[in-house]
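The values are calculated or read from the model by the stated rules, or taken from the named source; none is laboratory data. A quick note: this is a predicted structure, and the numbers were derived from the prediction, not measured. Virtual Cβ from ideal backbone geometry, glycine too; neighbours counted across all protein chains shown. Remember, those area values only see protein heavy atoms, side chains included, never the ligands or the DNA or RNA. Shrake-Rupley method; radii C 1.70, N 1.55, O 1.52, S 1.80 Å.
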Amino acid sequence: MTVYDRDYATPADAVTAVLAQFSITAGGDIRHDTGTNTFHVWWLHRALQKKVWDLATSGNDLLNLAKPNPSTSEALGTIITLLDHTTDYTVRYNIDDTAAESFFGGSIEQQNGSSQTERYSGLIVLGTAVAGTQLQVVQDAAVYTSFWGTGLNQTDSNTLLRVLIKTIVAGAEVDKQIVVVKAHEYGDTYAVWETTLGLGEKVAAISTADDPNNNTALGTVQAYTGFAGVGATVEGWTLIDVDGNGGDPFIGDLSYAGLTGNQTKDALYEVVKAYLVRGTTDTLWGIDGDLYTARLYQLTVTPGSGSQLYVQNETVTWAGGGSGTLLAADDLDEDNTTRIVIHLDKGIAPVNTDVVTGATNSANNTVTATEKLATAANYIGVYTGTNWIAAKGTGFLATELIFGDSVTALDGETPSVPQNVTLNLTVNCDASDDPYCFLAEKDGALEAPDYNKYSGETTGSSSSFVDIDTPLDADEPQTGYVGVLHTGRTYFTFYEYSDWNNTENTPNGRFNLVGTTDAIGITAGDDVFIAFFYEALDGTGAVQTLANSFVFDTGTRNFVGWVRHGDPTIPDKPVPIAYNAVGSNSQSLTVVLENES
Amino acid sequence: MAYSVNWTTKVITIPLTDLTLVSGSNYTLDVEDFWIEARRLEASPGDGLWAEQIVEFVNTQTLSGIVYSAIVKVINGYTWNTNTTNKNISLIGKNSNLLDVFIPGDGISVLANNSAGKITISEGGGSTVWSESEKDDIIVKVDDTYDQAHIAARNTQS
């Protein structure tokens with residue numbers, strides 16, 4: 001197979017090769033006959049001109065000087081027009097789809113039998129891709145049938161593909177001549193590029209590389225328990241509280257929780273990639289993975305009237321032949337809808353004054369503004385092996401985010417994931433044991449808990465909160481137990497709290513309790529401290545655990561406490577525990593309870 | 001009735017009902033009972049889970065075939081008293097320092113009954129059962145030790 005580019009050194013050879021590979025009828029039908037060579041469109045023009053210069057026909061090329069001009073060339077041979085002489089000569093020069101597969105480098109335009117324009121447009125894909133990559137071309141929400149395998153007409157080292165794509169059929173543009181080139185090979189990074197074809201040859205740029213975080217076999221990932229549910233569990237407009245300061249809108253919240261046995265970020269990343277891999281039949285947000293083109297738009301719309309409902313993942317349309325898949329709406333009732341996120345399937349995105357209409361119930365709203373979201377070809381974004389650097393709008397279950405993950409909400413907010421530090425405790429004991437654990441921040445001087453870290457403010461009895469007379473440190477655990485040495489009592493009383501803040505008792509701290517305090521008030525100055533643990537171990541059996549977290553602020557802290565099991569029948573030896581120099585990293589501790597008698 | 005603890009002053013109060021009547025005003029307190037109750041209190045979220053440990057327990061030790069008694073040691077500044085008066089309380093069972101950490105009360109007398117030579121003899125068969133001659137040897141040795149200590153104490157007083 002020889003690739004005859006525009007600057008092929010020996011024109012006569014190129015022309016000869018074209019004529020050898022194609023037949024030309026007297027009526028002008030140019031059809032592939034034999035051979036696998038490929039040609040710049042210029043050589044089709046030159047070959048035709050050669051034939052109508054000859055005095056005699058030859059072989060299956062039935063043209064000669066008696067025939068009308070077969071073609072014109074413009075733009076340095078990149079725009080070829082096959083001429084229609086049906087009226088005067090009953091000759092209409094034309095190629096068919098098969099013949100078009102042998103050309104590249106420009107466009108070939110012609111008339112069909114109904115005098116309607118047809119066009120094959122040139123597409124050149126530049127860039128670099130992992131060897132073996134089979135590029136896809138999506139046109140009009142369908143995959144263009146590939147005839148190029150792992151690449152064709154790579155006329156230089158930066159060219160991945162040069163082909164002709166049929167963009168005008170029977171006088172009508174196919175999806176406004178827009179195509180999306182995709183490289184979605186599992187194991188590699190994904191890439192997409194949208195371009196509008198036309199006359200001549202237009203460029204798409206693709207770059208892929210080995211994905212170091214995508215090494216699990218595709219079949220293995222597709223066989224994960226819960227594989228199909230990841231993209232269907234929580235769809236649509238979802239408020240996710242990433243930073244503890246209230247929810248921000250995202251498109252669904254991806255989670256690995258349903259991947260039983262594979263509940264990791266790695267697995268989630270590979271599952272989403274598997275949804276979108278070339279040749280897949282899986283869907284993401286209702287979109288066939290092969291047709292996902294990463295063209296997401298957020299539309300600001302005017303609330304309508306009529307109370308019709310949009311349906312999640314339904315098709316929405318607008319004037320000009322555009323259509324998309326509804327990924328999210330801040331309210332599915334058209335009366336209240338102000339934001340809609342779509343995946344562009346066909347056409348160009350709606351603009352101001354366009355009316356988008358849902359296919360199911362004809363819910364509709366008028367667009368006032370359009371934002372093209374900065375998306376990722378794999379939808380999920382960059383995965384470092386530890387952290388997400390997610391595309392705008394891509395949401396994750398908040399509890400599965402860790403410090404260092406980067407997400408961007410649909411409202412433009414970039415909430416930071418708190419740097420949670422978790423203290424984990426594992427206790428090995430007799431299966432029948434029910435041990436308890438106490439842990440608190442260590443006193444600055446004593447080898448003991450800091451029992452008077454805070455001082456209470458006067459609070460009435462049976463209160464749903466405990467106030468203190470200073471602000472709470474930023475790195476106190478979000479939940480836990482607050483111990484109060486009530487005046488008049490000889491012991492600390494512990495109350496479980498569900499959250500704390502320095503705003504409700506500004507500027508000082510307040511613990512909001514799960515229940516209420518006892519029927520005894522808090523006197524100003526009563527000792528108050530936080531018990532990180534003050535509870536029975538979780539679970540039963542020979543291995544029991546406990547964990548609690550706080551948001552790292554600065555520096556390091558020490559924690560001390562103990563694990564005790566005071567069963568009157570078989571008491572265990574109390575075990576002191578300590579977490580030393582706890583900074584930004586979580587710590588784990590395992591202790592063994594031994595019978596004391 | 002269970003023990004009560006003032007966790008801030010670290011005073012454990014043992015009610016009379018938790019003492020065992022022997023006769024008249026003579027009662028016993030089994031040190032093992034004290035240890036078990038202390039452990040329960042230490043591990044109870046409603047009591048002293050947050051507080052420092054009350055007792056340290058050293059289990060029986062076997063040395064050269066002799067099983068030495070366990071030790072219950074009150075630590076971390078805890079003390080104890082009772083809610084009664086004019087009683088003789090004899091500590092029985094394990095060795096302990098309960099006498100040292102007792103808060104004297106009206107007419108309360110505590111008898112420690114610790115013994116450095118206290119041993120636990122396994123009953124029944126097996127190689128740990130001593131012969132009559134071994135028992136005699138031990139009794140003689142203990143008597144000698146007591147006599148020497150008694151003589152030394154008397155000499156010191158004179």
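For the stretch A:221-263 and the stretch A:101-127, what is the separation of their Cα centres, given in Å?
That distance is 44 Å.
Of the accessible area of the stretch A:492-548, with the probe set at 1.4 angstrom, what percent is carbon plus sulfur? Kindly include the intermediate steps, with their values, before the conclusion.
Numbers: 1130 of 2280 Å².
Ligands and nucleic acids excluded, carbon and sulfur reach 49 percent.
So what's the gap between the Cα centers of the stretch A:512-526 and the stretch A:288-366, to the nearest angstrom?
Here the answer is 53 Å between Cα centres.
Calculate the FRET efficiency for B:N114 and A:T264 from the Cβ-Cβ distance with a Förster distance of 51 Å, rounded to the nearest 0.05. Spell out each step's value before the answer.
Details: r = 59 Å, r/R0 = 1.17.
After rounding to 0.05, the efficiency reads 0.30.
What percent of all Cα-Cα pairs in the stretch A:353-484 falls into each 10 Å bin, going from 0 up to the bin containing the maximum distance?
Values per bin, smallest distances first: 8, 21, 21, 21, 15, 10, 4, 0.
Mean 1/r over all different Cα pairs, inverted: what Kirkwood radius does the stretch B:4-117 give, in Å? Before the final figure, lay out each step's value.
Details: mean 1/r = 0.0679 Å⁻¹.
Taking the inverse mean of 1/r over all distinct Cα pairs, the stretch B:4-117 comes out at 14.7 Å.
So if we plug the beta-carbon distance of A:E413 and A:D443 into 1/(1 + (r/R0)^6) with R0 = 35 Å, what FRET efficiency do we get, rounded to 0.05? Spell out each step's value before the answer.
On the way: r = 40 Å, r/R0 = 1.15.
FRET efficiency, A:E413 to A:D443: 0.30.
Could you give the nm distance between label points at A:W53 and A:D33, where each point is 7 Å from its Cα heading toward the beta carbon?
Spacing of the two 7 Å Cα→Cβ label points: 2.0 nm.
Quantify how strongly other chains surround peptide B:52-61 by giving the mean number of their Cβ atoms within 10 Å of each of its Cβ atoms.
Numbers: counts 3, 4, 1, 1, 2, 5, 1, 4, 1, 0.
The mean count of partner-chain Cβ atoms within 10 Å per residue comes to 2.
How much area per residue is accessible in the stretch B:4-117 when the probe is 1.4 Å and only protein heavy atoms are counted (Å²)?
Details: 4950 Å² over 114 residues.
Each residue of the stretch B:4-117 exposes 43 Å² on average to a 1.4 Å probe.
Show me, bin by bin at 5 Å from 0, the whole-percent P(r) of the stretch B:1-40 based on Cα pairs.
Distribution as computed: 6, 21, 29, 23, 13, 6, 2, 0 percent.
Place a point 7 Å from Cα of A:T300 in the direction of its Cβ. Which residues in the stretch A:339-368 have their backbone N less than 15 Å from it?
Residues A:339-341, A:351-354, A:366-368 qualify, since their backbone N sits under 15 Å from the label point.
Tell me the net charge near A:D248. Cut-off is 13 Å between Cβ atoms, A:D248 excluded, with +1 for each Lys or Arg and -1 for each Asp or Glu.
Values: positive: A:R339, A:K392; negative: A:D241, A:D243, A:D253, A:D330, A:D411, A:E413.
For residues surrounding A:D248, the net value is -4.
Pulled fully out, how much extra length does the chain show between A:V382 and A:V592, if you take 0.36 nm times their separation in residues and subtract their Cα-Cα distance?
Details: separation 210, 0.36 × 210 = 75.60 nm, distance 4.19 nm.
Here the answer is 71.4 nm.
Please give the calculated 222 nm ellipticity per residue for the protein assembly as shown, where each DSSP H segment of at least 4 residues contributes -39500 (n - 2.57) and the sum is spread over every residue; nearest 500 deg cm²/dmol?
Rounded to the nearest 500, the figure is -3500 deg cm²/dmol.
Given 0.36 nm per residue, what is the gain on full extension from A:L76 to A:T196 after removing their alpha carbon distance, in nm?
Numbers: separation 120, 0.36 × 120 = 43.20 nm, distance 2.06 nm.
Residue separation times 0.36 nm, minus the Cα-Cα distance, leaves 41.1 nm.
Using the Kirkwood radius over Cα pairs, work out the Stokes-Einstein diffusion coefficient for the stretch A:59-163 at 4 °C and 1.567 mPa s, in µm²/s as a whole number. Write out the running numbers ahead of the final one.
Values: Rh = 15.8 Å.
The diffusion coefficient I find is 82 µm²/s.
Between B:N81 and A:D499, take the C-beta separation as r, use R0 = 41 Å, and let me know the FRET efficiency to the nearest 0.05. Please list the in-between numbers first.
Working: r = 43 Å, r/R0 = 1.05.
About 0.45, to the nearest 0.05.
Taking the full set of protein chains and a 1.4 angstrom probe, give the accessible area of A:V174 in square angstrom, rounded to the nearest 10.
So the heavy atoms of A:V174 present about 30 Å² to solvent.
Just to be sure I understand the interface: list residues from the stretch A:482-503 that lose 50 Å² or more of accessible area between the chain on its own and the complete protein assembly, 1.4 Å probe.
By number: A:T490.
If I model a spin label as a point 7 Å beyond the Cα along the Cα-Cβ vector, how far apart are those points for A:A205 and A:N69 in nm?
If labels sit at A:A205 and A:N69, their model points lie 3.8 nm apart.
Taking the Cβ of A:G525 as the center, what net charge do the other residues with Cβ under 11 Å away carry, scoring Lys and Arg +1 and Asp and Glu -1? Please report the intermediate quantities before stating the final value.
Working: positive: none; negative: A:E457, A:D469, A:D526, A:D527.
Here the count lands on -4.
What residues of the stretch A:495-526 lie in the reach of a label at A:D241, counting those whose backbone N is under 12 Å from a point 7 Å from the Cα along Cα→Cβ?
Under cut-off, by backbone N: A:498-500.
Computed on alpha carbon atoms, what radius of gyration and Dmax characterise the stretch A:335-399, expressed in Å?
Just the Cα atoms of the stretch A:335-399 yield Rg and Dmax of 15.2, 43 Å.
Take the Cα of A:T225, step 7 Å along the line toward its Cβ, and report every residue of the stretch A:246-277 whose backbone nitrogen sits under 12 Å from that point.
A:258-263
Accessible area lost on pairing B with A, both sides, 1.4 Å probe, Å² to nearest 100? Intermediate results must be reported in sequence, preceding the final value.
On the way: alone 9640 and 24690 Å², together 32470 Å².
Protein heavy atoms only, the B-A interface buries about 1900 Å².
What is the Cα radius of gyration of chain A over 2.2 N^0.38 Å, N being its residue count?
On the way: Rg = 34.7 Å, N = 597, 2.2 N^0.38 = 25.0 Å.
Ratio of Cα Rg to 2.2 N^0.38 Å: 1.39.
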